[in-house]
Amino acid sequence: MANESPLVRFFLAAAEDDALLERYRKSPADTLRQHGVDEESIRVIVSGDMKAIRKLIKALRRPGIVVVIIVPAPR
Amino acid sequence: MPGRLTVVGLGIRVPGQVTDETRRAIQSADDVVYLVADATSEAWLRRVRPRARSLADCYREGRPRELAYRQMVERILGPVREGRTVCAAFYGHPGVFVFPSHEAVRQARREGFEARMLPGISAEDCLFADLGIDPGRGGCQSFEATDFLVFRRRIDPRSSLILWQVGMVGRIDARRAGFPRNRPRLEILQRALVAWYPSDHEGVLYEASPFVVLEPSVRRIRLSDLARSAPDFATTLYVPPLPAAPDARVLRRLDIRSSEVQRATPCWEGDSGAASRIARSRGG
């Protein structure tokens, strides 16, 4: 759970909590804000643009190991 | 203890569409591997089984999908061969548009292991519910978009037609097609459809919502505008049926009145919920 973003935590909570879902339906941006979701993510979610939302959610996936290769500059 | 394989589907909206038997299979397996489409599904799986391993790294840019699938099958079957119980979880229904799930079950059985597949809620199930379509009325034809083209599938335009992965038409590698890069291929698909339907016939570009707080994406388009419509890789095209009249001679032989025959209707007729949703999304 430590790696979960506030948005993912919100989606999982809303899937199992009808009262939370109802609060979201009445006031989506405020409800997301109360769950610690950042303003940019709120803007995308509230737009309802599925393509943008998919992109946003994909970017939230657990980061893997990042290998940085530094190539020496030509002399 | 011999190894055993259970292949499950998580549905489209996780965890709401995860069935009880799927949840139990995930909880009780020695090892869990998964291939899911979004961070919420992955997070839910890792809550249930923190050591579950993703198969997503089998996909690589430019690598043929077939090679990725073969690697997934080997990753699924490895622990089964070591005598462990394995649960392989996939997005949606594990037997619909998923090659490695079927192949893993087939290969496990060939090698003498017990293997089973549990059904999940597919994107097609969501489409029927969201668009208000009953495939029992007038029938329903369903093809992957590239398959529809390359095999020149013969369809009956008086029945519903569903084409999957229209945004990926003509692509056989793991790269996301993207728009406008895929427009020439979409034009080929558009021409093939207009050969069966009037060019002003309307279809629906549909995408099921993976999140409980979001509506599905539903966009009504003319078939002649398909190539300009920029469908996403996950977009499905639903084409409603053309009007059909029952055969009078067959009706007489079966002793059925014409009024007793259920006719297929476009999804936006006779369903106010679907109609208003589509109207709201029109042009979106």
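The values are calculated or read from the model by the stated rules, or taken from the named source; none is laboratory data. What you see is a predicted model, and the numbers here were worked out from it, not measured in a lab. Neighbour counts are summed over all protein chains in view; Cβ atoms, including those assigned to glycine, are modelled from backbone coordinates with ideal geometry.
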* **When residues of region A:1-17 are limited to those that are more than 12 Å from B:V213 (Cβ to Cβ) and in a helix (DSSP H, G or I), the one nearest to the other protein chains (Cβ to nearest Cβ)** => A:V8
* Positions within region B:15-44 being aliphatic (A, V, I, L, M) and at the interface with chain A (Cβ under 9 Å from one of its Cβ atoms), in sequence order -> B:A37, B:A39, B:A43
* Of all residues in region B:83-131, count the ones that are hydrophobic (A, V, I, L, M, F, W, C), in a loop (DSSP other than H, G, I, E, B) and under 22 Å from B:W44 (Cβ atoms). => 5
* Take the residues of region B:19-52 that are of a type in the set (V, I, T) and free of Cβ contacts under 8 Å to residues at least 60 places away in the same chain: which is surrounded by the fewest Cβ atoms within 10 Å (Cβ to Cβ)? -> B:V48
* Among (1) over 30 Å from B:V261 (Cα atoms); (2) surrounded by fewer than 19 Cβ atoms within 10 Å (Cβ to Cβ); (3) at pLDDT below 90; (4) away from chain A (no Cβ under 14 Å), the one test that B:I188 misses -> (3)
* Answer from B:R75, B:R51, B:R47, B:R116 - the residue that is within 14 Å of chain A (Cβ to nearest Cβ) and in contact with a helix residue (DSSP H, G or I) (Cβ under 8 Å, 6 or more places away or on another chain) -> B:R47
* Structure fact -> Across region A:18-48, the tally of residues that are within 13 Å of B:F211 (Cβ to Cβ) and part of a loop (DSSP other than H, G, I, E, B) stands at 2
* To do: Could you check, for region B:120-129, whether at least one of its residues is surrounded by 18 or more Cβ atoms within 10 Å (Cβ to Cβ), within 21 Å of B:D20 (Cβ to Cβ) and touching a His at 6+ places or on another chain (Cβ under 6 Å)?
  => yes
